[in-house]
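Trainee: One structure, pasted below without further comment.
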Amino acid sequence: MTGKTFYITTPIYYVNDVPHIGHAYTTVACDAISRYKRLCGFDVCFLTGTDEHGQKIEQAADKRGIKPKELADQVVQRFAGLWETLNISNDKFIRTTDELHKKAVRKIFNKMKENGDIYIDHYEGWYCTPCETYLTETQLLDGNCCPSCRRETSKLKEPSYFFRMSKYGDALLKHIQDNKDFIKPESRRNEIISFIKDGLRDLSVSRVTFKWGIPVPDDEEHVIYVWIDALTNYISALGYGEDDEDFTKFWPADYHVVGKDILRFHTVYWPTMLLSAGIELPKSVFAHGWWTVEGQKMSKSLGNAIDPTWLVEKFGVDAIRYFLLREVPFGLDGDFSFKALIHRINGDLANDLGNLLNRTMGMVNRYFDGTVPAYSEAGAEDKTIEETAERVFKDVDEHITNMAFNKALASMWEFVSSLNKYIDETAPWALAKDEAKKERLGSVLYTVLDGIRMVSLLLYPFMPTTAEKIREQLGTGKELVKTSTQDLRKIRTLESGHKLGEAEQLFPRIDEKDMLEFLKQEIDSEKKDDEGQPVVEEIDFSHFEKMTLKAVKVLECEKIDKSDKLLKLQIDMGSEKRQVVSGIAKSYKPEELVGKTLVLVANLKPAKLMGTLSEGMILSATSDGKNHRVLELPDSVEPGTDIK
Ligand SMILES: [Zn+2]
């Protein structure tokens, strides 16, 4: 090992969130670059984790009647489980409730204090409790409502510790200007520069409004502000303040990967904290874009925040990993659509890659009885493959290192295409007709097999399982050996003389029309909100208005022959009398209902149930569809009265 290290982090995810493709995206990207760096011989530390403190967790736990830590212990599994499903190779998983983390937070807070950067004062502002955010007057909507959740905020004044962030504005600006890679991509960098140039204010870094957090050292009335707590995870996970071995080895981080919405916290709050505590700054913070789903912003009310586990069940883990990183440039916003996903699977994966492997395996089986032939006779066409391989490996390395995953994958597919083209040009099926060309035929097929081996190396960071499957079919053993960037691109290292493994289709083609129809049905039946509860669809008032509800008095009631569920009711609706059939026979004896005043949906289309006419529907409460309690109105309500 050469001692090269690579440290990369995802943000820590808010533990009570339900994971969606945005979370999956960030984490898969970090996984791909981590796997690539490991392959190239780097000593990698890949960190992800969960943010578990704050008022929202405290409130959510209260609602369920459990302790915040118990809630966190339950819901953390949503993330930990998803990372397993997505084949994420993180080396560490930090939870902000870990003792090691709390120790590190107290230590950095004390360091900042020792350096004279923490003082006590009062904080006053408009506070949104659900969002745990203070808002300025200008940010508020009408009625002092919160711009993000639209709920009413309240004016709050509380004692608070402050961090002298203003002191570090100039130093931070200089650092950003001297280090071109500190904030990526470029457009985001300019945003942050102008934010700092407007002048940094001191930052309120403690709260007394809730308890669930890390207490301020020597003043337990206060808990440390969630961002100070959360950001420290990047060093606490390395044992900062406890056991410095990993900290010394991996810090400063090569990359903090974040969504663009939290870039400011990572490029202003975090580095100024570090400057104050005398800790080196991370090398680079990369802000990626957001996903929309089928052209719409993901949101609770639309219920379109797609569950990545569900996606993996439908399409397979590698297809999802591929799509997320192939479809859009990492720094930009992208749209998730099933159509686009199916096109990628059918085009890139089943057609280009799958066919390359299939047709090659087929020919080696046919012409060489499944044994890898030797490379013994060069041809003019081979040069193109050599040159393409050389260039693609160089490009892929550069693109992955710059987080241009879509370009890296496009380069790989250039190689896949050149191999397909090579087969067409060398026409092995024609060579096979001439016994004198057997050597050349073997060399051609060897070149393609070796090319596929090289493709499997490049694919591995993105589609680890597919890379393994390809290697198994090539008969090379599925395990990849850690190597160096240089050795990785050596061509013709595939051994010959061994038997190929069993041929298997990598990505079966998907019938687009059938699949889209199937998905639509599944999605309609499985809509969930942010807390995992089934979504109740909202309707306009105009829809509700169309329904006519009336008070009705039961005149007569009897069982319907041959049915143990249905009762036949004769009812008085004021202006008219009607007959209604109701499925409540298991909950009521007929005589129990006579004389009661009930609620009727009066404008329902008449229907026949077990041959009996029913003109309307009686409303009842039921939790299981079997046991019913009818909605009863007081006797004083006249039959025919409207219910609004
Ligand atoms: Zn809010």
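Trainee: For a Förster distance of 22 Å, can you work out the FRET efficiency between the beta-carbons of LEU619 and LYS565, rounded to the nearest 0.05?
Mentor: Rounded to the nearest 0.05, the efficiency is 0.85.
Trainee: What's the carbon and sulfur percent of segment 338-488's accessible surface, probe 1.4 angstrom, rounded to a whole number?
Mentor: C and S fraction of accessible area: 48 percent.
Trainee: Note down the net charge around GLU504, summing +1 for each Lys or Arg and -1 for each Asp or Glu among other residues with Cβ under 9 Å from its Cβ.
Mentor: -1
Trainee: Right, here's the next one. How much accessible area per residue does the chain have, in Å², with a 1.4 Å probe?
Mentor: Per residue, the chain has an accessible area of 47 Å².
Trainee: Hey, another quick one. Whole angstrom only: what separates the Cα centroid of segment 1-35 from the Cα centroid of segment 329-344?
Mentor: After rounding, the separation between the Cα centres reads 19 Å.
Trainee: Enter the Cα centre distance for the pair segment 565-644 and segment 150-223, rounded to the nearest angstrom.
Mentor: Distance between centres, Cα-based: 62 Å.
Trainee: Let me make sure I get this right: for segment 239-358, a, b and c are the square roots of the gyration tensor eigenvalues over alpha carbons, sorted descending. Under 1.5 in a/c it's rounded, otherwise prolate if a/b > b/c, else oblate. Which is it?
Mentor: Since a/c reaches 1.5 and a/b is larger than b/c, the shape of segment 239-358 is classed as prolate.
Trainee: Quick check: from the Cα gyration tensor, does segment 541-643 come out rounded (a/c under 1.5), prolate or oblate?
Mentor: rounded
Trainee: May I ask for the distance between the Cα centers of segment 37-84 and segment 470-497, given as a whole number of Å?
Mentor: Segment 37-84 and segment 470-497 have Cα centres spaced 37 Å from each other.
Trainee: What angle do you read, to the nearest 10 degrees and between 0 and 90, between the alpha-carbon axis of helix 355-368 and the longest principal axis of the chain?
Mentor: Result, in degrees: 50.
Trainee: Next question. How much accessible surface area, in Å² rounded to 10, belongs to the heavy atoms of PHE315 with a 1.4 Å probe?
Mentor: 20
Trainee: By how many nm would the segment from ILE66 to GLN296 lengthen if fully extended, with 0.36 nm per residue of separation less the alpha-carbon distance?
Mentor: Length gained between ILE66 and GLN296: 79.2 nm.
Trainee: Taking 0.36 nm per intervening residue step and subtracting the Cα-Cα distance, what contour gain separates ASN402 from HIS343 on full extension?
Mentor: Extra length from ASN402 to HIS343 when fully extended: 18.6 nm.
Trainee: Name the residue from MET547, ILE560, SER575 whose Cα lies farthest towards the positive end of the charge dipole of segment 538-579, charges +1 on Cβ of Lys and Arg and -1 on Cβ of Asp and Glu.
Mentor: ILE560
Trainee: Out of the GluC sites (Glu not before Pro) in segment 417-488, which ones are loop residues according to DSSP with at most 10 other C-beta atoms within 10 Å?
Mentor: GLU479
Trainee: Further, regarding this structure: Just to be sure I follow: if Rg is taken over the C-alpha atoms of the chain and Rh is the Kirkwood radius over the same atoms, what is Rg/Rh?
Mentor: Reported Rg/Rh (Cα atoms, Kirkwood Rh): 1.10.
Trainee: Also, quick follow-up: I'd like to know which of CYS149, TRP212, GLY241 lies farthest towards the positive end of the charge dipole of segment 93-249, counting +1 on Cβ of Lys and Arg and -1 on Cβ of Asp and Glu.
Mentor: The residue sitting farthest along the positive end of the dipole is CYS149.
Trainee: Could you work out the mean projected area of the convex hull around the alpha carbons of segment 338-488, in square nanometres to one decimal?
Mentor: Result: a mean projected hull area of 9.4 nm².
Trainee: Where in segment 391-405 does the amide nitrogen come within less than 18 Å of the point 7 Å from the Cα of LEU332, taken along Cα to Cβ?
Mentor: 399-400, 402-405
Trainee: Per-residue counts of other Cβ atoms within 10 Å, averaged by peptide: what ranking do you get for 202-214, 24-36, 594-606, 489-501, highest first?
Mentor: Descending mean neighbour count gives 24-36, 202-214, 594-606, 489-501.
Trainee: Rounded to the nearest 500, what is the 222 nm mean residue ellipticity of the chain from helices alone, with -39500 (n - 2.57) per DSSP H run of 4+ residues and division by all residues?
Mentor: Value at 222 nm, helices only: -12000 deg cm²/dmol.
Trainee: Relative to the longest principal Cα axis of the chain, at what angle does helix 21-39 sit, 0 to 90 degrees, rounded to 10?
Mentor: 20
Trainee: So how strong a dipole does segment 338-488 carry about its Cα centre when Lys and Arg Cβ are +1 and Asp and Glu Cβ are -1, to the nearest 20 debye?
Mentor: It works out to roughly 480 debye.
The values are calculated or read from the model by the stated rules, or taken from the named source; none is laboratory data. The structure displayed is predicted, hence computed values, not measured ones. Here Cβ is always computed from backbone atoms with ideal geometry, including for glycine, and neighbour counts include all displayed protein chains. Surface areas here come from the heavy atoms of the whole protein model, side chains and all, with no ligands, DNA or RNA. Shrake-Rupley method; radii C 1.70, N 1.55, O 1.52, S 1.80 Å.
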